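The values are calculated or read from the model by the stated rules, or taken from the named source; none is laboratory data. All values derive from a computational prediction rather than experimental measurement. Here the Cβ positions follow ideal geometry from the backbone for every residue, glycine too, while neighbour counts run over all protein chains shown. SASA here: full protein model, heavy atoms, side chains in, ligands and nucleic acids out. Shrake-Rupley method; radii C 1.70, N 1.55, O 1.52, S 1.80 Å.
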Amino acid sequence: MDGAQQPTRETWPGFHFLRHLLAVVILAFHAYVLTYGGSGNLGYVKGELMATAASLTAKQLAIEALRPGLFALVGMFFALSGFLVMMSALRAPNIRTFFTLRILRILPALLTEVVLSAFVLGPCVTTLPPSAYFAQASTYTYFGNIVGLVQYELPGVFTGNPLPAIVNVNLWTLHAEFCCYLLIGAVLASGLIARRRLTSRLLIAGIALTGVAAMVPALNLPARYEATHFQSWFLVVLFALGMLFALHRHAIPLRPSWFAAAVAGYVGLMITGACDALAAVLLTYAMVYLGGCRFAWFDRMVKDDCSYGIYLYGYPITQTLVLLLGARLAGLPGPVRLAATALLTVLVTTAFALASWRLVEKPFLRLRVLLLPRRPAEGHRAAAPPSR
């Protein structure tokens, strides 16, 4: 927590830092995965490291100690999104407003990434002739990613990489994201947003039921997917936890000792596998605590919101750099190859993300002034009776 000022429940300034931190760490992890590939990669092979501690090497033990952090990356993103989206819904409890803002925030950058991948990156790096590439149906079905029909591959693209064929694995979260938006949309459409106590009770009941279901072997509903991700349905649970914490944000104690205990408890529960639902609650508290902290040094350096662009563009950019640098770096030790790839990946992806924010995301967000109903003038607002 070095460099962070005391937490506050009023502005939640730490989310700007936290979003970027999570996006960059995910980017760095993918640089590691894509540099070494899946075959024989101790940090990536799924299901082979979950053995007794006595059978693991020192390197494997270190990887296992870091594994709860890998689960936390996307998991915390969803809890953070649930918190912020609920805050937005509380400020403007209108379903049209909500979905307009969501579309303006998510769709333009996603559409841009899909177009660039299919019509620019694909033709440049595919092993197929251009005519054959554009004759393949999968070139065009790739656009299904825009509406949640996830497709990871393009014809002949990245087939020779250490982790072959996948263009953008980060699109795997689209299903869960759409389910989350349906959840908050249902809260708005039903009018529950105005009945916060009932909303809280329903959220608690749903979270508790799904948490219990994850612990019943006969139901076959594990919370974890492979060894680095939560299942999509459990990401929706984390989103719901973020919503719940947002509803009770003024009553949540933001204390360093509680934060440390939450982190320690989360790591312990994840390593032992004792209760993933309780681990999710502790992870959400840690996220909220960091959101209440002020990272002034980061806010001075980073004014733009590049986090979505880093997450969205990072994987295809990393795959491209691995493809271009593979032969040139082949003779170097693995750590040197990884360091070179990771450094270039961060630099290039940050540049793309900044361009995405300034040229695509921010201009589309300005359209909300034209698409949404105007708020009452100051005089009308002053004359209106105060809301309870």
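Remarks
- Accessible area of Val336 in the full protein assembly, 1.4 Å probe (Å², nearest 10): 70 Å²
- The long axis of helix 334-356 is offset from the longest Cα principal axis of the chain by roughly 50 degrees.
- Carbon + sulfur, % of accessible area of segment 283-340 - ligands and nucleic acids excluded, 1.4 Å: 70 percent
- The figure for Met215 is an accessible area of roughly 110 square angstrom, using a 1.4 Å probe on the protein chains alone.
- With each label modelled as a point 7 angstrom along the Cα→C-beta vector, the Leu198-Phe178 pair spans 2.9 nm.
- The modelled label-to-label distance for the pair Ser131/Arg96, using points 7 Å beyond Cα in the direction of Cβ, is 5.2 nm.
- Accessible area (Å², 1.4 Å probe, nearest 10) - Ser232: 40 Å²
- Estimated purely from DSSP H runs of n ≥ 4, each contributing -39500 (n - 2.57), the mean residue ellipticity at 222 nm for the chain is -20500 deg cm²/dmol once divided by its residues.
- Degrees, to the nearest 10: 58-91 long Cα axis against longest axis of the chain: 40 degrees
- Per-residue accessible area (protein heavy atoms, 1.4 Å probe) orders Arg358, Arg224 as Arg358, Arg224, starting from the largest.
- For the chain: accessible area per residue (Å², 1.4 Å): 49 Å²
- Fully extending the segment from Met87 to Ile103 would add 4.1 nm, taking 0.36 nm per residue of separation and subtracting the current Cα-Cα distance.
- Counting protein heavy atoms only, segment 125-276 has 68 percent of its accessible area on carbon and sulfur, 1.4 angstrom probe.
- Working from Cα pairs under 8 Å separated by at least six residues, relative contact order for segment 102-191 is 22 percent.
- Ranked order, Glu361, Glu153, Glu177 - accessible area, probe 1.4 Å, largest first: Glu153, Glu177, Glu361
- Restricting the calculation to Cα atoms, the chain yields a radius of gyration followed by a Dmax of 22.0, 74 Å.
- Given their separation in residues at 0.36 nm each and the Cα-Cα distance between them, Leu116 and Ala261 gain 47.8 nm when the chain is fully extended.
- Heavy-atom SASA rank of Cys179, Cys275, Cys293 (probe 1.4 Å, accessible area, largest first): Cys179, Cys275, Cys293
- Crossing angle, helix 307-329 versus the chain [Cα axis fit, 0-90 degrees, rounded to tens]: 10 degrees
- Whole-number percent relative contact order across the chain, with pairs defined as alpha carbons under 8 Å at least 6 apart: 31 percent
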